[in-house]
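*Asks:* Sharing a structure below in structure tokens format, with a few things to ask.
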Amino acid sequence: MVVKALGDALHFAIGQKDHKIDAGDILVVMGPSQEIKVFKKEVCYVSAVKI
């Protein structure tokens, strides 16, 4: 994740920690493609519910 408030360096978050993602931040998702697809569906669902 690149957190613009902390500069342009890439920060790795491993494990279950809460991180706030702001507009302009960049989230890099790595893992098996099937799990990334599930993650994408969950993010899209949460985004749709909050609108």
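Coordinate-derived values only; no laboratory data. What you see is a predicted model; the values in this text were computed from it and never measured. Glycine gets a Cβ as well: all are built from the backbone with ideal geometry, and neighbour counts include every protein chain shown.
*Asks:* Report the calculated FRET efficiency for Val49 and Asp25 (r = Cβ-Cβ distance, R0 = 30 Å), to the nearest 0.05.
*Replies:* Working from the Cβ atoms, E equals 0.90.
*Asks:* Also: Quick one: which residues, 5 or more positions from Asp25 or on another chain, have an amide H under 5 Å from its amide H? H modelled 1.01 Å from N in the peptide plane, none for Pro or chain starts.
*Replies:* Counting only residues 5 or more places away or on other chains, the set is Lys4.
*Asks:* Give me the one-decimal nm value for the distance between modelled label points at Asp18 and Glu35, 7 Å along each residue's Cα-to-Cβ direction.
*Replies:* For Asp18 paired with Glu35, the spin-label model returns 2.3 nm.
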